[in-house]
Amino acid sequence: ADANPAGTEAAGAKAAGTEDADPLSGGPDPRDVAKLLARFSCNLHTVCDEELKPLGIACYPAASMLNHSCRPTCAQTFVGKKVVFRCLRDVDVGEELTIAYVELAAPRVERRAGLLAHYHFDLNDSSDDVNDMVTKA
């Protein structure tokens with residue numbers, strides 16, 4: 001008969017801390033952590049001063065709820081560390097509040113490239129284009 005029942009040595013080594021420990025055993029799935037970090041990085045805001053010089057990045061959970069539009073209803077500014085949203089026009093009750101994630105003065109091709117690279121989506125179609133707003137105004 002075996003003097004050591006199956007698993008006794010392994011259990012003893014684990015208890016003594018001599019077995020290689022898996023730091024993720026019992027923890028979150030690494031893929032879920034990676035997805036969370038990717039979502040987090042897409043929802044950070046660049047904090048700027050009054051001259052629009054970047055000062056750093058910050059996470060504003062409520063501000064992260066605003067979607068992009070090339071014809072945004074709001075603009076964001078900062079007062080110290082506080083993010084402030086101002087409506088650019090009258091907004092109807094229930095209308096979605098949006099901001100521009102990219103520089104609207106940039107050509108469409110540059111805006112599309114920036115949205116794809118940093119936010120992983122493309123513009124829907126030309127009907128949401130800021131150039132339409134300028135030419136129709």
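The values are calculated or read from the model by the stated rules, or taken from the named source; none is laboratory data. All values reported here derive from a predicted model rather than from experimental measurement. Every residue, glycine as well, gets a Cβ built from its backbone with ideal geometry; the counts of neighbours run over all protein chains shown. These area figures cover heavy atoms from the full protein model, side chains too; ligands, DNA and RNA do not enter into them. Shrake-Rupley method; radii C 1.70, N 1.55, O 1.52, S 1.80 Å.
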Legend entry - Size of charge dipole - the stretch 30-119 - debye, nearest 20, with Cβ of Lys, Arg +1 and Asp, Glu -1, no other charges: 300
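Given a 1.4 angstrom probe, what's the average accessible area per residue across the stretch 58-105, in square angstrom? Spell out each step's value before the answer.
Numbers: 3100 Å² over 48 residues.
Per residue, the stretch 58-105 has 65 Å² of solvent-accessible surface.
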Legend entry - the stretch 43-66-the stretch 94-112 distance, computed between alpha-carbon centres (Å): 15
Legend entry - Inter-label distance, nm, simple model (7 Å from Cα along the C-beta direction), residue 33/residue 113: 3.5
Inset, instruction - Enter the accessible area of residue 96 (Å², nearest 10), with the probe set to 1.4 Å and all protein chains included. - result: 100
Inset, instruction - Measure off, as a whole percent, the carbon and sulfur share of the 1.4 Å-probe accessible area of the stretch 30-119, all protein chains present. - result: 60
Legend entry - Length-normalised contact order of the stretch 30-119 in % [C-alpha pairs under 8 Å, at least 6 apart]: 22
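If the chain between residue 62 and residue 106 were fully stretched, how many nm would it gain, using 0.36 nm times the residue separation less the Cα-Cα distance? Show your work: numbers first, answer last.
Numbers: separation 44, 0.36 × 44 = 15.84 nm, distance 2.69 nm.
Extending this stretch completely gives an extra 13.2 nm.
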